[in-house]
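**Q** Please read through the structure below; I'll follow up with questions.
Please treat every number below as a calculation from the coordinates, not as lab data. Fair warning: this is a prediction, and the values are worked out from it, not measured in the lab. Cβ sites come from the backbone with ideal geometry, for glycine too, and all protein chains shown count toward neighbours.
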Amino acid sequence: MSHNISDIDIPHEYVICLDHVGIAVPNLDDALEFYRANFGWVCLHRETNEEQGVEEAMVGPKNLGATDGQIQLLAPLDESSTIAKFIDKKGPGLQQMCLRTNNLDALSEHLRAQGTRLLYPEAKIGTGGARINFCHPKDAGGVLLELTEPPAK
Ligand code: CMX
């Protein structure tokens, strides 16, 4: 269900949960094997997102609950990828944290009113067809903070 911004005063009403943390990895299959062998976690979803320059996989326990956090493994598609640049500068590791929302447009309006910069003027398409945007890390305590609104089921 979507809301009008005028109906919503408190962000926690439309920020649902921690959706995932994203980890930049040089090789997706090697990273998947690490989580399988060490923790018994499985690949829940895998896709290529050309626009974001990534091959990615969502990892978690087989019996993942609806609001349980997942791990997103992000491998660069090529050297121009944001993830390739991240790995070149900082090495593999935690690249982002993502909050799930049920109303990205209202949340974006709220954030901009707070003076928090978003990277994109309009939402882009992310994992599983979700609408996504990012808070600039300089405005979010040094964290690249993704916001995701999954498609309605
Ligand atoms: N986390 C925290 N800080 C970060 C960061 C990150 N992932 N990436 C960059 N920064 C910091 C840098 O350290 C730098 O700080 P200093 O100026 O103090 O050195 C500052 O932000 C600017 O960094 P930059 O290297 O000049 O800028 P980049 O060209 O690396 O771009 C960013 C940074 C966030 C704009 C870019 O990574 C971006 O557009 N990210 C969003 C898209 C994305 O990450 N896609 C891949 C995932 C796709 C998905 O989740 O589906």
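**Q** Using the 10 angstrom Cβ neighbour count as an exposure proxy, how do D88, D105 rank, fewest first?
**A** Fewest-to-most Cβ neighbours within 10 Å comes out as D88, D105.
**Q** Let me ask something else. Report, for the chain, the % of DSSP beta bridges that are antiparallel, rounded to 5.
**A** Taking every DSSP beta bridge with both residues in the chain, the antiparallel ones total about 75 percent.
**Q** If you take the square roots of the eigenvalues of the alpha-carbon gyration tensor of segment 17-107 and sort them as a ≥ b ≥ c, do you get rounded (a/c under 1.5), prolate (a/b over b/c) or oblate?
**A** oblate
**Q** To continue, here is another question. Compute a Gaussian network model of the chain, connecting alpha carbons closer than 10 Å, and tell me which residue from Q96, Q52, Q70 fluctuates the most.
**A** So, out of Q96, Q52, Q70, the one fluctuating most is Q52.
**Q** Another question, if that's okay. Charges on Cβ only, +1 for Lys and Arg, -1 for Asp and Glu, centred on the Cα centroid of segment 70-148; of Q72, I83, Q114, which one is farthest towards the dipole's positive end?
**A** Most positive-ward Cα: Q114.
**Q** Taking the Cβ of P137 as the centre, find all other residues whose Cβ is under 15 Å away and add up their charges (Lys, Arg: +1; Asp, Glu: -1).
**A** Here the charged neighbours net out to +3.
**Q** On to the next question. Can you check what the net charge comes to around R36, using other residues whose Cβ is under 13 Å from the Cβ of R36 (Lys, Arg +1; Asp, Glu -1)?
**A** -2
**Q** Count the lysine pairs in the chain that are 8 or more places apart or on different chains: how many have C-alpha atoms under 19 angstrom apart?
**A** For the chain, qualifying lysine pairs total 4.
**Q** A follow-up question, please. Give me the distance between the Cα centres of segment 17-80 and segment 88-150, rounded to whole Å.
**A** Centre-to-centre distance over Cα atoms comes out at 17 Å.
**Q** Points 7 angstrom from Cα along the Cβ direction at A140 and E33: gap in nanometres?
**A** Result: 3.2 nm between the two label points.
**Q** Here's another thing I want to ask about it. How far apart, in nm, are the 7 Å Cα→Cβ label points at C43 and N63?
**A** Placing both labels 7 Å along Cα→Cβ, they lie 2.4 nm apart.
**Q** Per DSSP H run of at least 4 residues, take -39500 (n - 2.57); add these up for the chain, divide by its residues and hand me the 222 nm value, nearest 500 deg cm²/dmol.
**A** Per the formula, -6500 deg cm²/dmol.
**Q** Using modelled backbone amide H atoms (1.01 Å from N, in-plane), which distant-in-sequence or interchain residues come within less than 5 Å of A130's amide H?
**A** When sequence neighbours closer than 5 places are left aside, there are no close amide H contacts.
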